[in-house]
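Down below is the structure, laid out as structure tokens.
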2 protein chains.
Amino acid sequence: MIILLDMDDVLASFEGGFLDKWRAEYPDKPYIALEDRTTFGLDKQYPEELLDLVRSVYNASGFCKSLKPIPGSLEAVLEIKQEGHDVFICTAPLSHYENCVLEKYEWVEQHLGREWAKKIILTKDKTLVRGDYLIDDNPNIKGIAVPSWEHIVFDMPYNRSVTDKRRLKSLKDWKSLLVKA
Amino acid sequence: MIILLDMDDVLASFEGGFLDKWRAEYPDKPYIALEDRTTFGLDKQYPEELLDLVRSVYNASGFCKSLKPIPGSLEAVLEIKQEGHDVFICTAPLSHYENCVLEKYEWVEQHLGREWAKKIILTKDKTLVRGDYLIDDNPNIKGIAVPSWEHIVFDMPYNRSVTDKRRLKSLKDWKSLLVKA
């Protein structure tokens, strides 16, 4: 099997990292707790007048590199590999690519080792990447092609309205993929 | 059609940029003229004792960003797009990824505009990327999958031993792809 893993909010806690930094840097501004997040992408739920500030937090130098791993994810990546499957980290750069592009490589090297940096596929269009499964928290993955992979929704509060796809609450449960729906 | 374009020595003159910098920085060292290059990858043809120096040139900060466009390539990219095809820049980062990763994005933005940075697919394994054609100077593209694309060899002195694939001498001639072999 070829398993494609999204990075932000599958391997790395982007939403959690944002919330920590946001509350630390702007304690007087309103915030949205993770369980109250209803949209994919912070920009769609934070109020218009805060968007420049919101973006300045997650586009900042060092932000992507500092993200904490999602508990259990790194161990699962190694286990999937060890059981003989091909694993690739299939991740879209932020539109403000200046910091995140290199930091994604550094994050993977830091947490999984340098060899794993070779498994990164950086693309805005994931439908062009071949695989059996793409595990991704984005409920609506767009691109120019009909995907070859089955989209497995990585469970997050903002994607729970999607009910027609298989869902994974933790990468630790990756073997459930092998049981056909 | 989906046309995948390699970056180094299809869009950007990597070999030419290396030779310029090498001769400028190490005028007393031997060099290999482009027409005498017989291997894909400088490492395989420069003598062992010069390899650290060779790598220090192409891995240096600013090297990838400074590469000159291959004449005619940028105009062809825009023309392919204008004629209604999907174009993606499918490029493998150097193993020493620290400088080239971001600089590839910067190069594309500088020469084609920021929107084109969204068309970059950065991957070590190009066989996983779907397309009708991959135009690439690497005569031997390896990966875990059977490619969906036809490999069109972008003509360079070091890939002329390959005779079982179609060959493009200039991206300006991209329309010849439409004529089935």
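The values are calculated or read from the model by the stated rules, or taken from the named source; none is laboratory data. Predicted model only: the values in this text are computed from it and were never measured. Glycine also receives a Cβ, built like all others from the backbone with ideal geometry; neighbour counts cover every protein chain displayed. Remember, those area values only see protein heavy atoms, side chains included, never the ligands or the DNA or RNA. Shrake-Rupley method; radii C 1.70, N 1.55, O 1.52, S 1.80 Å.
If the condition is being closer than 29 Å to A:GLN110 by Cβ and aliphatic (A, V, I, L, M), then the range B:79-121 contributes B:ILE89, B:ALA92, B:LEU94, B:VAL101, B:LEU102, B:VAL108, B:ALA117, B:ILE120, B:ILE121. Scanning the range A:34-55 for residues that are under 21 Å from A:ASP155 (Cβ atoms) and in contact with a helix residue (DSSP H, G or I) (Cβ under 6 Å, 6 or more places away or on another chain) returns A:LEU34, A:GLU35, A:ARG37, A:THR38, A:THR39, A:PHE40, A:LEU42. Look at the range A:62-83: where a residue is at positive phi and touching a residue at least 60 places away in the same chain (Cβ under 8 Å) and a partner is among the small types (Gly, Ala, Ser) and open to solvent by less than 70 Å² (accessible area, probe 1.4 Å), sitting 6+ places away or on another chain with Cβ atoms under 6 Å, you get A:GLY72/A:SER170. When the residues of the range A:85-129 are filtered to those that are more than 9 Å from every other protein chain (Cβ to nearest Cβ) and of a type in the set (Asp, Glu), the one that is nearest to A:PHE40 (Cα to Cα) is A:GLU103. Quick check on A:LEU5: is it buried (at least 22 other Cβ atoms within 10 Å of the Cβ) and closer than 28 Å to B:GLU103 by Cβ? The answer is yes for A:LEU5. Evaluating A:ALA145 against the criteria (1) within 14 Å of chain B (Cβ to nearest Cβ); (2) of a type in the set (A, V, I, L, M, F, W, C); (3) surrounded by 17 or more Cβ atoms within 10 Å (Cβ to Cβ) leaves one unmet condition, (3).
The residue list B:VAL77, B:VAL10 contains one member that is in a loop (DSSP other than H, G, I, E, B), buried (at least 19 other Cβ atoms within 10 Å of the Cβ) and modelled with pLDDT of 95 or more, which is B:VAL10. Here A:LEU134 passes the criteria (1) open to solvent by 10 Å² or more (accessible area, probe 1.4 Å); (2) within 14 Å of another protein chain (Cβ to nearest Cβ); (3) at pLDDT 95 or above except the one numbered (1).
Of the residues making up the range B:139-181, those that are more than 19 Å from B:VAL77 (Cβ to Cβ), of a type outside the set (A, V, I, L, M, F, W, C) and under 14 Å from the mean Cα position of the chain (by Cα) are B:PRO139, B:ASN140, B:PRO157, B:TYR158, B:ASN159. From the list A:ASP28, A:ASP43, A:ASP8, the lone residue that is in the same structural domain as A:LEU134 (by TED's automatic domain parsing) and either over 30 Å from A:LEU177 (Cα atoms) or in contact with an Asp or Glu (Cβ under 9 Å, 6 or more places away or on another chain) (or both) is A:ASP8.
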